[in-house]
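Structure record follows, encoded as structure tokens.
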Amino acid sequence: MDSAALAFIAIAAVLHAAWNILLKTGGDALRTATIGIVAASAVLVPVVLVAWAMTGQPEVPPKAWAIGIVSGAVEVAYFIFLAAAYRRGDLSVVYPLARGSAPLLAVAVGVLVLGEELAPVAWLGVGLLLAGLLVVQRPWVLLRAPGAARAGAGFALLTGAMIATYSSLDRVGVQLAPPWLYAAILWPVCAIGLVGVAWVRPRIAGGRYAAPDEPLRIGRSVLGGLLTFTAYFFVLAALARAPLAIVAPLRESAVLLTSAWGVVRLGEAAGRREVTFRVAGSLLVLAGAIVLAVGR
């Protein structure tokens with residue numbers, strides 16, 4: 001793996017952690033995401049159109065269009081599930097569950113569906129990931145937790161499934177078209193989908209839906225959108241230079257950053273024992289992701 005791809009992943013991890021902190025602390029996470037993704041798309045599309053015209057109008061294959069559109073739709077589902085998880089659970093629990101379960105799901109599909117084989121070292125990574133997820137969430141504690149906490153964990157796992165899905169799609173997409181052109185397909189699709197969800201949500205929920213009391217933080221939401229766009233671009237650039245099996249696990253280094261922020265700055269863990277569990281579990285998730293990447 002070349003040093004440029006490694007640097008891209010490191011930058012993406014820091015930016016993605018900052019974006020998720022904004023989502024968790026910004027009131028309605030889905031509304032924040034919608035404003036941010038629309039703003040990022042509004043910046044991205046004109047720039048890409050100018051670059052496309054100046055570089056000889058390179059052709060984008062129909063297959064890249066199709067994959068980008070599907071990936072954008074999966075991103076919409078990702079934000080829906082992530083917002084639902086953050087509404088019910090802590091940042092230091094939801095983020096490790098979502099990001100840690102994604103590589104595990106990818107391994108499960110590879111081994112059980114595609115008949116792939118893993119090296120012994122990779123199985124060690126799988127074991128560390130599982131241990132980390134168990135330490136972070138501890139199912140035996142979750143069974144006694146309020147219904148909202150259990151639902152939050154479920155939505156976090158659904159988020160992980162969406163991450164595994166769009167990561168696989170994007171790995172194929174950036175092989176068919178340059179990352180900047182591919183991003184200009186999926187981001188507007190995601191933005192349009194989120195706007196549609198924002199329009200439909202209160203109409204479906206009717207009187208059960210009430211807009212949050214927090215003021216609309218447009219500047220904060222726009223900043224978050226630009227952060228996540230930049231992070232995603234660096235991930236696409238890394239995928240263009242390195243295999244998904246390496247990029248996907250290594251980008252989960254953001255798990256430790258978000259977990260530490262949730263525990264230290266947001267005060268999510270009550271007592272030293274809970275702090276230890278959450279930080280140790282996040283470390284195990286990160287270690288498992290790295291070992292899995294090296295061993296595959």
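The values are calculated or read from the model by the stated rules, or taken from the named source; none is laboratory data. A quick note: this is a predicted structure, and the numbers were derived from the prediction, not measured. Cβ coordinates were reconstructed from backbone atoms using ideal geometry, including for glycine residues, and neighbour counts include every protein chain displayed.
Take the residues of segment 135-177 that are modelled with pLDDT of 90 or more and either touching a Pro at 6+ places or on another chain (Cβ under 7 Å) or among the charged types (D, E, K, R) (or both): which is farthest from Ile35 (Cα to Cα)?
It comes out as Leu176.
Let me confirm something: among Leu118, Leu124, Leu97, Leu104, which residue is buried (at least 24 other Cβ atoms within 10 Å of the Cβ) and either under 14 Å from the mean Cα position of the chain (by Cα) or not polar (S, T, N, Q) (or both)?
Going through Leu118, Leu124, Leu97, Leu104 in turn, the sole match is Leu97.
Checking the structure you have, find out if any residue of segment 267-283 is in contact with a Lys or Arg (Cβ under 6 Å, 6 or more places away or on another chain), touching a residue at least 40 places away in the same chain (Cβ under 8 Å) and over 30 Å from Leu181 (Cα atoms).
yes
Taking the stated definitions as given, is Leu22 surrounded by 18 or more Cβ atoms within 10 Å (Cβ to Cβ) and under 14 Å from Ala183 (Cα atoms)?
The answer is no for Leu22.
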